[in-house]
Each structure stands twice: as C-alpha cells, then as structure tokens.
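S.K.: First the structure, then my questions, so here it is.
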Amino acid sequence: MSQSNQMKITALYCRLSQDDGLDGESNSIQNQRRILETYAREHRFPNIQFYVDDGYSGASFNRPDFQRMMADMEDGKIGIIITKDLSRLGRNQLHTGLYIEERFPQFGVRYIAINDNVDTENAESNDLMPFKNLFNEWFVRDTSRKIRAVQRAKAQRGERLGTRAPYGYKKDENAKGKLIVDEEAAAVVRRIFALCAAGNGPSQIARLLKSEQVLCPTMYAYERFGTKHMGLSLGKPYNWEKSTVAHMLENELYIGNTINMRFSSKSYKDKRKIEHPREECIVIEGSHEAIIDRETWDIVQRVRQNRKRPTKMEELNKYSGLVICADCGSTMVLHRAHTMKPTQTNFTCRTYKKEGAEVCTAHYIRECVLDEIVLEDIRRVTAMAREHTQEFAAYICDRQSAELRREIRRQELELSGMKKREAELEAIFKRLYEDSVLGRITTEQFQTLSTSYVAEQEQLKTAIPQREREVAKRKATVSGADNFISKARRYTDIQELTPELLRLFIEKIVVHEKDVKWSKHARQTVEIHYTDIGVVGNMSTTKSA
C-alpha cells in the first residue's frame, strides 16, 4: 500500500433502519461496528473512521452520514469503504450498483462488503453482486407492502395510526392507542376555537397567545411529557405559528373523530406525502372524547370559509361573507373610514364596485340599519321557536314541500339500486373467475367481460358515497326545525350581534336593491336565511339607508 493511501481514511459505514431493527442483534449498530472494526484491524487497514446512520432506510441515499462520507470521498480523503453487507450500503438496486461500479472507482475508492464476499479489487467476487442488490431491493418492496397492509388493517379496525398524542390530548396508559383529554392543553384549544368563532383569524390568535406567553404545542409536549417534536425550539417557548392554529381549527380530532389513511406516499422509493380528500380516508366518528362541541365546530368552519382580513381600521367585519347581493350573488363589501361616522359605514355590492353600473347596482345599505333589521328578526324568530314550539315546527314542516320529500324518496331508491348492483357485480366476478379457472370461458372472454364490469364497479364506488351525502343533506334540511329550536332555547336574551351569534343562526343575508335607488325612504327587502330552516318570512324595511 502506497504512502499516500496510508494517509487516506478507511471508512467503516454502518446503517440501521426501523425495519432492519426487527432482525434483532445481528444488524444492530453495535454489532456492525464490532464486525467492521475487527475486519479492518485484522487486514491492517489504516486510519479507521466510522460513519453511522441510525434509523435511516436503505431505499434512499439521502442519509446524513452517508452524504458526509461521500463529501469526504469527493475531497480525496477516503481510500476504502467497508460495510457489513451490501444491504447496509443500500437497498436500491440501481443506485447501489451505480455507487459500487461507477462512483467509487471514479474516486479510486475500494469497496468491501464483508458478509457478501464483495471486494472491488477482486473482479470474481463481484459476479453475484447485481443479484444480491436485486434481492435487497425486493426486501424493501416486500416490507413496504406488508407495512401498508398492516396499517390499512389497523385503520379499518378503527385504531388510531398516529404515534404521538396531538395537542389537547394525552395517551391513555390503560388502553393502547386510545386518547384522553389533557385538560390543561384542552382549555387552550377551546379558547382558540372560541376566538375564531368570534371572528379572529389564525394570525391574530397566534399573536394573542404569544403575547400572553402560552406555551406553544411543541414546547408544551417537551415540558409536560418530555416529548421532542420536529421544530422544537427551546429558545422560543411561546412561538405560536398561524399555520399551527389554522391546522388545529380544521382538525376533526377535536370533535372526537379519527381520520386514518389521510396521507400516503407513491412508493417505497418516493416518500413524498400525498394528502387524500376526506372521502378517500377512513373516518371513525366518536373514537374518543371530544374537546369541541359540534355546534362550535360548525360555526368555526363557516367563519373559516368566509375568513377575511381586518379592515384598514383594524376592525373585523362581523358579517364577513354573510351579506349577499340579491341580483349578482356576490358578497357585499363593508366600507369604513376614519372620516366616517359609525352611522355612515355601509355595504355595497362587490361586483358594482369592481365593474360598475353596467353589470350590477350598488344595493347600498348602512351597517347600522342592517344591524337593527337582523337583531329584530333574530329576536322575533327565536321567540317564535321558543314560545310556540309546535306551531313553529309545523310551519317549518309545511315549508318542506312534497316535491322535496319525493326527491328524497327518489334518491333513496336510486341509492338502494346502486348498492344492489354493487353486490351483484361482486357475485358476477366470482362466477367469471370460477368459469375461467374451470375452462368454461377463454382468457380473452374473461378479460373482455371483466373490463366492462370493472369500469361499472369503479363508477359505483364514486357514485354511492356522493349519493349518500346528497340524501343526508336533504334529510338534514327536513329535520332542521328541531336543531333551530334547540339553539333558540339556549339564547333567550339576545342583546347584541356578535360574529359567533350570526354564524350560529344565519346562513346568509340577501340584500335587494331599493324600489327607488338612492332614495332615503324607499322600501328595501332584506332576506335572512336561517341555518337549517331557510327564510322565515320576508323582512322588509322602509328605514332610512
């Protein structure tokens, strides 16, 4: 060995992933270090240095110490690289072969895999190397397939797949995989939802929690349970981010639902996360105790759908997203200014403001007038629901036309037919398969018949959940009176309009143009559409606008 090679590093590379850890002590980092060091000293290789990646899959070469080793190799510091076997270097057949056959020779590096008898200085020892690399990749593929199958089976059984308890919960020590409420953090979660229901956005909530020095979720988990999360910054214990707050406000976990299989990756080689829509996930409702009640959750989701920034005067528009132009259907814009008196702030059609009178008209209405109309009508309708419950329920029921009920029945029959057809297709597939195996039909016939059935089956898989949602929505409309009456009984003394109150009772407020535009005394119709029950009589006003 030349003097220059004597100065170069003999790199002893160890790697262990979670999957490899299942093999026990034979693949442990300690065992690898012992084997590699013994081999290097027996062969008197110089300048030994360990490179270790603990907890990294062999399917990817984006590992910290492997990359450090490659950087040293490219700087000419390494003469020999030794691993326990080929799988420790990697389990990706193409990339492993590329490193051994091209990259290492390019920098004059000798590679040795002890247990596989691979040594790049001995050409004969490399004959079986491509096959061994292929088997190593098959191992990763098979392991990935098994893990996916196990995860899906757990998800379908209703088991929670997450390993850490989310903020607001802690793990139940008496039941594996179950969550129980952590009251200290749950109080913060409830406050976050209450602030949002009152019209505050994630940025405002985050700033408020930071100013009050409330521990952020990562720091709370570290101090309370000793858990280290990614992104933990010990120097910033109150660093609430708006993205953290936004994620919490959209997380169904807080109403007691578990959503499994929400994310996946394309393959064992490509670990980038793919987020699936809710209808493609496995949803387990009522899997644990809720922190947020359904009513608050619904209000917050409506607030989030119509989320708007504060005006230039830093005041929130409590009607944000609720006031609609009757003619063009766009939301109406609230105009405020420091030079305007409170009685002068007003709503104007967004389309009119942007595109002019050729497209739509102003539909001008002052905010104070709208406040008076809405408050008076909410008091009227809730009082009717409380004091004349039977008559109110009958009135709402009468408004649910026979046509709507016929539509529900029609959709239910269609849904029943779809499910029946789905079951028939399953039976047809079984018979086709038996006929194919027994030779009653040819392979070509089987493929031709099954192709059309598969297409129909895929169509049903999409159509059935969609129709189920439509039926549920129609039924919810019919039974809306009970929900409204229940809310009305809880609010017996409504003194002022708040964002929370508006979104609790009102779906939208439709403003019509005045009978005589810009007239101070002309009639102007305002339709208040209540959540669950729609319009309860038209509200007209002749108040000055």
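All of the numbers you see were taken from the coordinates with simple rules; none came from a lab. Keep in mind it's a predicted model, so treat the numbers as computed, not measured. Please note: Cβ atoms are built from the backbone with ideal geometry, for glycine as well, and neighbour counts cover all protein chains shown.
S.K.: For Glu74 and Phe107 in the same chain, what is the full-extension length gain: residue separation times 0.36 nm, less their Cα-Cα distance, in nm?
M.R.: 11.2 nm
S.K.: Follow-up. Set the Förster radius R0 to 22 Å, insert the Cβ-Cβ distance between Gln457 and Arg406 as r into 1/(1 + (r/R0)^6), and round the FRET efficiency to 0.05.
M.R.: Using R0 = 22 Å, I get an efficiency of 0.15.
S.K.: What ranking, highest mean first, results for peptides 44-56, 324-336 when packing means the other Cβ atoms within 10 Å averaged over each residue?
M.R.: Taking the mean over residues of other Cβ atoms within 10 Å, the ranking is 324-336, 44-56.
S.K.: FRET efficiency for His335 and Lys242, Cβ-Cβ distance as r, R0 = 30 Å, nearest 0.05?
M.R.: It comes out at approximately 0.65.
S.K.: Which whole-number percent of Cα pairs in the range 172-305 have a distance greater than 19 Å?
M.R.: Roughly 59 percent, rounded to a whole number.
S.K.: Write down the radius of gyration of the range 25-65 and its Dmax, each obtained from C-alpha positions, in Å.
M.R.: 12.0, 32
S.K.: For Arg34 and Asn122, calculate 0.36 nm times their separation in residues minus their Cα-Cα distance, and state this gained length in nm to one decimal.
M.R.: Result: 29.3 nm gained on full extension.
S.K.: Assuming R0 = 51 Å, what is the FRET efficiency of Ala522 and Gln213, from their Cβ-Cβ distance, to the nearest 0.05?
M.R.: 0.40
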